[in-house]
Amino acid sequence: MTAMVDVAFLLLTFFILTTTKFREDQSAEVDTPSSVSSLTPPDKGLMTISVDNEGRIFAGFSDIGTREAAIQRMISDEFITGEISEDGYKQFVSLEDFGVTLDKGEFVNWLNLPDSEKEEYVQEGMTAVARDTLTGAGNDLKLWIRAGRLADQRMRFAIKGDIDASYKEIGDVISTLQDWNINQFSLITELEEGPSAVEVEE
Amino acid sequence: MADVDSSSGGGRGKKGGPKTKKKSTKIDMTAMVDVAFLLLTFFVLTATMSNNGVMELTMPPKAKDDIKEEDLRVDILEDKIMTIVLEDDDKISYYVGITNPEVLTTNYSSDGIRKVLVGHLTYGPRINGQARCETGKGARVVKNCWDPIFVIKPKKSSRYKNLVDLLDELAITEAPKYAIDKFTPEDSLLLIGELEAVEE
């Protein structure tokens, strides 16, 4: 019986590790709706835009290299101004998603917070519409999409909306994607047994 | 392993022996193994259940400065177009065509919207005996075939779940062409008989 228990513990360790998947910190809590679509999202080269039940918008890049390239691009193009501390930079690269606006240096302030305060910081989500309707400036998501695309030309985009998110924000996200001529993207859903699962062709 | 410790009462058998009692090094592990198996079962079940899927969505291109709306316009027989408006409280309004259409309501059950979709998909073949247009690779071009188009109009207040549910139903019924469009004040005029201010 010792051998069997050993195997059982091995399996237990394996499943604990795979279910948590060494999960990176996730800011957005999203309960996705279900669909019969049997396609699975790609692991790499994906930018996920999440909309939670309060309509807050978060964005995240799947690849660590893209995260670094994207934030460097944002700094070099002066969309992010101000000094980001080394810890803040490291923290950003390790984050699966984030939802802090670039307005009024909030983004830099957030990254420069000490660890203890960062845990209590509530991310209010980024904007997906222009803050300044006259000049069309201040769309955070639009800038991050640009930075991500320049970092990874073959980047694909996915929208991860919450069941209770309203179409207003989702529509804003779609509209922002379309501003960059991105007319094809994925909606992340939870798998459900359907009456007839239809393979949707690419 | 998982043995009942029987040696604790050692020495009872041998009367009056001067030997010191030897304590067993075996520990009763039954309870721990039970918990381990319980956890194992839990993780095995949850591991297979959390599966993400994706739905591909293609939007029609936006009219921009260099692309005028007129250039994107295509003449389509209005009977082919079914407009579906996602209302609040999990209701759906739908109508066919553009000129004085009859607006009907339904819900998301399989008896509701799915029947409506199937009804529209088979309308041409049923009423006019048209063939359905072929889609996908190697599709033959058939003249005067039936290729219905579904236009989804979510309101700003519509739940995202309802949109995904509808896209799902369209995938289940194998609808070939559908698109998401903006809900305009003209639509509200048609639906509730008055121009409702649509906030931008």
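Enumerate by residue number the GluC sites (Glu not before Pro) in the stretch B:67-146 meeting two conditions: DSSP loop (anything except H, G, I, E, B), and at most 10 other Cβ atoms within 10 Å of the site's Cβ. Please report the intermediate quantities before stating the final value.
Details: sites: B:Glu69, B:Glu70, B:Glu78, B:Glu87, B:Glu102, B:Glu134; in loops: B:Glu87, B:Glu102, B:Glu134.
Passing both the DSSP loop test and the Cβ count: B:Glu102.
Compare the Cα positions of B:Asn128, A:Asn109, B:Thr20 along the charge dipole of the protein assembly as shown (+1 at Cβ of Lys, Arg; -1 at Cβ of Asp, Glu; about the Cα centre) and return the one farthest towards the positive end.
Highest projection toward the positive end goes to B:Thr20.
With +1 assigned to the C-beta of every Lys and Arg and -1 to the C-beta of every Asp and Glu, and no other charges, what is the dipole magnitude of chain A about the Cα centre in debye, to the nearest 20?
Its charge dipole is roughly 600 debye.
Which is the longest part of chain A that has none of the trypsin sites (Lys or Arg not before Pro) sitting in a DSSP loop with at most 13 other Cβ atoms within 10 Å?
The segment A:45-153 is the longest one with no such site.
Which percentage, to the nearest 5, of the DSSP beta bridges contained in chain A is antiparallel?
Restricted to chain A, the bridges split so that about 45 percent are antiparallel.
Output the Kirkwood hydrodynamic radius of the stretch B:89-174, Cα pairs only, in Å rounded to one decimal.
In the stretch B:89-174 this quantity evaluates to 14.5 Å.
Could you work out how much longer the chain between B:Lys64 and B:Ala179 gets when fully extended? Use 0.36 nm per residue separation minus the Cα distance between them, nm to one decimal.
This chain segment gains 39.6 nm when fully extended.
Could you list the residues of the stretch A:41-63 with an amide nitrogen less than 15 Å from a label point located 7 Å from the Cα of A:Gln184 in the Cα-to-C-beta direction?
Once the point is set 7 Å along Cα→Cβ of A:Gln184, A:42 turn out to lie under 15 Å by backbone N, inside the stretch A:41-63.
What spacing in nm lies between the two simple spin-label points modelled at B:Lys26 and B:Val141, each 7 Å away from Cα in the Cβ direction?
Label-label distance for B:Lys26 and B:Val141, simple model: 8.4 nm.
By how many degrees, 0 to 90 and rounded to 10, does the Cα axis of helix A:140-151 deviate from the longest principal axis of chain A?
Once rounded, the angle reads 70 degrees.
Give the angle, between 0 and 90 degrees and rounded to the nearest 10, that separates the Cα long axis of helix A:167-179 from the longest principal axis of the Cα atoms of chain A.
The answer is roughly 70 degrees.
Got a number for carbon plus sulfur as a percent of the protein assembly as shown's accessible area, 1.4 Å probe?
Its accessible area is 52 percent carbon and sulfur atoms.
Starting from the Kirkwood radius over alpha-carbon pairs of the stretch A:25-201, derive D by Stokes-Einstein at 4 °C in a medium of 1.567 mPa s and give it in µm² s⁻¹.
77
With r as the distance between the Cβ atoms of B:Ala131 and B:Val151 and R0 = 25 Å, compute the FRET efficiency 1/(1 + (r/R0)^6) and round to 0.05.
Values: r = 23 Å, r/R0 = 0.92.
Efficiency, from the Cβ-Cβ distance: 0.60.
How long are the semi-axes of the equivalent ellipsoid of the protein assembly as shown, defined as square roots of 5 times the Cα gyration tensor eigenvalues? Whole Å, largest first.
Numbers: eigenvalues 553, 207, 69 Å².
Gyration-tensor ellipsoid for the protein assembly as shown: 53, 32, 19 Å.
Please compute, for the alpha-carbon atoms of the stretch A:1-114, the extent along each of the three principal axes and give them in descending order in Å.
The Cα atoms of the stretch A:1-114 stretch 63, 37, 26 Å along their principal axes.
What does DSSP give for the protein assembly as shown in terms of the percent of beta bridges that are antiparallel, rounded to the nearest 5? List each step's numbers first, then the result.
Numbers: 25 of 46 bridges.
Once the DSSP bridges in the protein assembly as shown are tallied, antiparallel ones form about 55 percent.
Compute the acute angle (0 to 90°) between the alpha-carbon long axis of helix A:64-76 and the principal axis of greatest extent of the alpha-carbon atoms of chain A; round to the nearest 10°.
With both axes taken from Cα atoms, the answer is about 10 degrees.
The values are calculated or read from the model by the stated rules, or taken from the named source; none is laboratory data. Just so we're clear, the structure is a prediction, and the values are computed from it rather than from any experiment. All Cβ positions, even for glycine, are placed from backbone atoms using ideal geometry, and neighbour counts span all protein chains on display. Just the protein is used for accessible areas: all its heavy atoms, side chains included, with ligands, DNA and RNA removed. Shrake-Rupley method; radii C 1.70, N 1.55, O 1.52, S 1.80 Å.
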